[in-house]
Amino acid sequence: LSIRRQRQMCIRDRHITVPTIRIKEAVTMSLTIRPAVRTDAEQILTFITELAEYERARHEVVATLADIEHSLFDEGSTVHTLMCERDGRAIGFAVYFYSYSTWLGRNGIYLEDLYVTPEQRGDGAGRQLLQHIAREALANNCGRLEWSVLDWNEPAIGFYQKLGLSLIHISEPTRRYA
């Protein structure tokens with residue numbers, strides 16, 4: 001197993017807010033966020049591989065198409081997956097699951113992956129994926145929404161900071177944001 005430095009970001013308790021989306025209407029109208037279905041598994045695996053390549057960890061991806069189909073779509077799966085499409089073409093995805101905080105006595109959501117293809121970034125797709133999950137967290141009375149970001153991934157860190165998130169906890173090698 002490799003150890004990579006990560007910054008953990010978190011929207012906690014009463015601080016869960018739905019980020020405001022300010023993007024061009026034409027872009028918004030052609031963007032769709034929907035729950036993934038089994039037929040999306042191949043595209044999801046492709047996105048996972050692209051993300052791993054960007055994170056310099058392609059060699060760590062051992063998941064197969066069958067693994068993705070089973071873990072995300074079989075009965076009893078505890079993982080949630082969203083697809084983001086522009087004009088009917090998949091441009092990104094998010095994978096998350098419910099967690100629990102004993103200190104808060106409430107469920108939370110952990111965002112495992114949020115990915116938008118490089119050529120589609122900057123038009124609000126990532127923000128809308130995160131907004132969708134934040135709304136779900138609010139609707140389900142979650143105490144927090146958390147995720148991690150590699151320390152060197154300055155574009156992602158900048159993206160989250162533009163949404164108004166700030167560092168709430170530092171412990172090496174993890175940094176937590178809210």
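The values are calculated or read from the model by the stated rules, or taken from the named source; none is laboratory data. Bear in mind that the values here come from a model prediction, so they are computed numbers and not experimental data. So basically every Cβ, Gly included, is an ideal-geometry build from the backbone, and we count neighbours across all protein chains shown. Accessible surface is based on the protein model in full, side chains and every heavy atom, while ligands, DNA and RNA are left aside. Shrake-Rupley method; radii C 1.70, N 1.55, O 1.52, S 1.80 Å.
Quick notes on this structure:
- Hypothetical label at Asp151: residues of the stretch 40-76 whose amide nitrogen lies under 19 Å (7 Å Cα-Cβ projection): 55-57
- Straightening the chain between Asp113 and Ser101 buys 2.3 nm, computed as 0.36 nm per residue apart minus the Cα-Cα spacing.
- Each of Trp147, Trp103 has its accessible area taken with a 1.4 Å probe; listed largest first, they run Trp103, Trp147.
- Cβ crowding within 10 Å averaged over residues, with 82-89, 131-138 ranked highest first: 131-138, 82-89
- Take every DSSP beta bridge whose two residues both sit in the stretch 88-170; close to 75 percent of them are antiparallel.
- Rg/Rg_globular for the stretch 30-145, with Rg_globular taken as 2.2 N^0.38 Å and Rg from C-alpha atoms: 1.08
- Distance between modelled label sites at Arg135 and His59, nm, 7 Å Cα→Cβ extension: 4.2
- Per residue value of the accessible surface for the stretch 32-110 (all protein chains in place, 1.4 Å probe), Å²: 57
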